[in-house]
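What follows is a set of notes on a single structure, which appears directly below.
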Amino acid sequence: LGYDSEVQQGLEATWARQSDSGGIFAGAGSHHWKDTGIAMFSLARQAELSQDWTYFRQMQPQVLRAVKFLMDLREKARSESSANGRYGILPKGFGDGGLGGLRSEFTNTLWVLAGLKAVTEAADRLGLSGFDDTKRFYAELGSAFAIAARAEMRQHPDGFSFLPMLAKEDPSWS
């Protein structure tokens, strides 16, 4: 929208925060898994808006490293005794929105799904190879999240259903 150079600087600053493990962490700390998903989403979205895919193509190795980090996180979650691990989504994390501490929550997984969707669609559009594991992970994580959402859905007293940020097992719900 006319601020391409400023957005490019922002993307470069974001991706400069990528750790050796592949994760990207802003100011909220190392359990803010969504930062990695948001970085992937932002990279693809800016390329869509500007119709300049040069930086997206250049960042493919970093994107794939970020995806590997997220895949490893999911495996870590499976060893946790938490709702997140049982569902096969990302591990307990910092959820934002006034929620303190590491919790069984869904916002990190949602943002990662948004990022995975954005980069897989972009890779398909560009005909890029190397994204097969990313596509598979996106499908698996999306299916696991759908199961979790159905199981964790709540009924509001006014009659509508909603998915809260926190899993039912969180002590704040009791």
Practice prompt. Could you name every one of the helices (runs of 4 or more DSSP H) located completely within the range 11-114 that has at least 2 residues being surrounded by fewer than 17 Cβ atoms within 10 Å (Cβ to Cβ) and either of a type in the set (Val, Ile, Thr) or within 15 Å of the chain's Cα centre (by Cα) (or both)?
Written response: 60-78
Practice prompt. Could you tell me which of the residues Thr109, Thr120 is modelled with pLDDT of 95 or more, among the polar types (S, T, N, Q) and under 17 Å from Ser30 (Cα atoms)?
Written response: Thr109
Worksheet entry | Verdict on Thr134 being open to solvent by less than 70 Å² (accessible area, probe 1.4 Å) and either modelled with pLDDT under 95 or aromatic (Phe, Trp, Tyr) (or both) | no
Fill in: Residue ID - nearest to the chain's Cα centre (by Cα), chosen from residues in the range 142-173 that are surrounded by fewer than 11 Cβ atoms within 10 Å (Cβ to Cβ) and of a type in the set (Phe, Trp, Tyr)
Phe162
Practice prompt. Run down Phe137, Phe145, Phe106, Phe162 and say which single residue is under 24 Å from Ser82 (Cα atoms) and in contact with a His (Cβ under 7 Å, 6 or more places away or on another chain).
Written response: Phe162
Item to complete: Evaluate the following for Ala83: is it farther than 30 Å from Gln51 by Cα and in contact (Cβ under 8 Å) with a residue 24 or more places away in the chain?
Response: yes
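The values are calculated or read from the model by the stated rules, or taken from the named source; none is laboratory data. The model shown is predicted, which means the values in this text are computed figures rather than measured ones. Note: ideal-geometry Cβ built from the backbone for every residue, glycine included; neighbour counts use all protein chains shown. Quick note on the areas: whole protein, heavy atoms, side chains included, nothing else; ligands and nucleic acids left out. Shrake-Rupley method; radii C 1.70, N 1.55, O 1.52, S 1.80 Å.
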